[in-house]
1. Within segment 1-20, which residues are out of contact with any Gly (no Cβ under 9 Å at 6 or more places or on another chain), open to solvent by less than 90 Å² (accessible area, probe 1.4 Å) and aliphatic (A, V, I, L, M)?
2. Of these, Gly54, Gly90, Gly80, which one is surrounded by fewer than 16 Cβ atoms within 10 Å (Cβ to Cβ) and not in a helix (DSSP H, G or I)?
3. Do you know which of the residues in segment 98-118 that are part of a helix (DSSP H, G or I) and not hydrophobic (A, V, I, L, M, F, W, C) is modelled with the highest pLDDT?
4. Does segment 68-97 hold any residues that are modelled with pLDDT under 85 and farther than 16 Å from Leu40 by Cα, and which are they?
Amino acid sequence: LVMPTAQFLAVLYALAGASFILFFTGLYDDRFDMPSVIKLMLHIAAGAALYFLGGGIRTIFDYTLPWYLALGVTVCWTIGIVTAFNLIDGLDGLAAGLASISSICFAAWILISGGKIEAYAASTEEELAKTEWHQTLKSLL
C-alpha cells in the first residue's frame, strides 16, 4: 500500500473544496433557478478555492507562473470547464459520457504510472523531476 504524499493530499482537498462549491451551486440552480451573475461569482469562488487550497495551475510549459497569473489561469480554466459541461449537459447523456471517458483515461494513467500520481501534484519542474513517475518516463524515452 502506497501512502499518498502531503502535496497530493493538498491537491485532493483543493479538488474536494472546489467540487463542494460547484455541487451545491448546481443543486441550488436546478431547484430554484439561480441568476447567472450569482452562478458566475460562485464559479469564480470555486476556482479561487481550488488555487488557495493548494491545487490549481501553477506552471505552463516549464514556466512557473507568478501567483496572480496562476490564480487567473486556474479561475478561467475552472469556469471554462464548468461552462463546457453545462453547455453539453442537455444532449442526452453526452456530458456523462465525456466525464466517463475522462475518468477512464485518468484511471489508465494511474495504472500505467504504477499508482503513483504525485507527478500530477508537482507544482514546479524541480518537484516533477524528483518523482519516480517522471524518472521512469524519462528512462523510457
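1. Ala6, Ala16
2. Gly90
3. Step by step, filter segment 98-118, then rank; the result is Ser100.
4. Those that are modelled with pLDDT under 85 and farther than 16 Å from Leu40 by Cα: Ile88, Asp89, Gly90, Leu91, Asp92, Gly93, Leu94, Ala95, Ala96, Gly97.
The values are calculated or read from the model by the stated rules, or taken from the named source; none is laboratory data. Fair warning: this is a prediction, and the values are worked out from it, not measured in the lab. Heads up, the Cβs are rebuilt from the backbone with ideal geometry, glycines too, and the neighbour counts pull from every protein chain shown. Please note that ligands, DNA and RNA were not included when accessible areas were found on the heavy atoms of the full protein model with its side chains. Shrake-Rupley method; radii C 1.70, N 1.55, O 1.52, S 1.80 Å.
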